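> Quick one: the structure is below, and I'll ask about it shortly.
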Amino acid sequence: MKIAYPEFYPFFSKPQNGKIEGFFYEILTEALEHRMVIHTQWFQMPWKRCQNQVRIGKMDAMITFPTEERLTYCDTHPDPFYLKELKLFTYKGHKRLNEIQQIGSIADIKKGGYTVITYSGNGWNTDNITTLGIPSFETSEVHNVWKMLAAKRGDLVIEWPVGVKASLDKDGLADKIVETGVLLSSMPFHLLIGKQSGYTHILAGFNDVIQRMLDDGTIKRIIVKYY
């Protein structure tokens, strides 16, 4: 099975030694390789390209949030194996910081006239932010959203706090970004397999395996190694 993935530690990462790491990689490897005996190949590429490669059948699968649009060309399983908390970030010194910290919903973002920075191919942002008419500014790479926010090219980023720290430390931006503590939503993560792939038949079995891995503590043991 050919799986497309972006560089986004600690979900997936390929450091200089060439060995893939990250807790999504470990969870899927345990489920597919070890428990279902399905050989996998992993291919790193920008996120927008990941989705397109699955869409056209060049790649079999990806790990992401099953949006309505993605489900037009992918099949998935019913139960998520991870819920990713989405919190609000802004840049240090934002003149409306006190107001931002009082935001309680996505509707408040629109009402306040804020802009959001995101990355190309972020289906959650498309479904929940741009469809409401909230202005969004995109970058092709996930980690570049923090450079844009630090440069004050938008008001907010909506992201997962655990994954943010590594990006900020890597780019030396930790002292320029503020985590507001505002929790907006949670994003469920699934294995999505392209409808053109010959692996769609494994999804029911994969869901059963994931449930057993949740029940026996395997997924928790993998995740705690990373945060």
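> Among the numbered criteria (1) in contact with a strand residue (DSSP E or B) (Cβ under 6 Å, 6 or more places away or on another chain); (2) open to solvent by 40 Å² or more (accessible area, probe 1.4 Å); (3) under 16 Å from Glu7 (Cα atoms), which one does Ser120 miss?
(2)
> Then there is this: If I ask for residues that are open to solvent by less than 40 Å² (accessible area, probe 1.4 Å), outside any strand (DSSP E or B) and either closer than 29 Å to Lys165 by Cβ or modelled with pLDDT under 95 (or both), which ones from segment 77-93 would you list?
The one that is open to solvent by less than 40 Å² (accessible area, probe 1.4 Å), outside any strand (DSSP E or B) and either closer than 29 Å to Lys165 by Cβ or modelled with pLDDT under 95 (or both): Phe81.
> Quick one: in segment 1-19, of everything that is open to solvent by 20 Å² or more (accessible area, probe 1.4 Å) and either in contact with a Gly (Cβ under 8 Å, 6 or more places away or on another chain) or β-branched (Val, Ile, Thr) (or both), which residue is modelled with the lowest pLDDT?
Tyr9
> Hey, among Asp108, Asp127, which residue is at pLDDT below 95 and assigned to a helix (DSSP H, G or I)?
Answer to the selection: Asp127.
> Tally the residues that are open to solvent by 50 Å² or more (accessible area, probe 1.4 Å) and of a type outside the set (Lys, Arg), restricting the search to segment 94-117.
The number of residues fulfilling the criteria is 8.
> Now, a different point. Give just the number: which of (1) closer than 23 Å to Trp160 by Cβ; (2) of a type in the set (Val, Ile, Thr); (3) open to solvent by 20 Å² or more (accessible area, probe 1.4 Å) does Ile222 not satisfy?
Of the numbered conditions (1) closer than 23 Å to Trp160 by Cβ; (2) of a type in the set (Val, Ile, Thr); (3) open to solvent by 20 Å² or more (accessible area, probe 1.4 Å), the odd one out for Ile222 is (3).
> Still on this structure, I have one more. Report the residue count in segment 136-163 for those that are farther than 17 Å from Leu184 by Cβ and either in a loop (DSSP other than H, G, I, E, B) or touching a residue at least 24 places away in the same chain (Cβ under 8 Å) (or both).
12
The values are calculated or read from the model by the stated rules, or taken from the named source; none is laboratory data. Note that this is a predicted model, so its numbers are computed, not measured. Virtual Cβ from ideal backbone geometry, glycine too; neighbours counted across all protein chains shown. Accessible surface areas use protein heavy atoms only, side chains included; no ligands, DNA or RNA. Shrake-Rupley method; radii C 1.70, N 1.55, O 1.52, S 1.80 Å.
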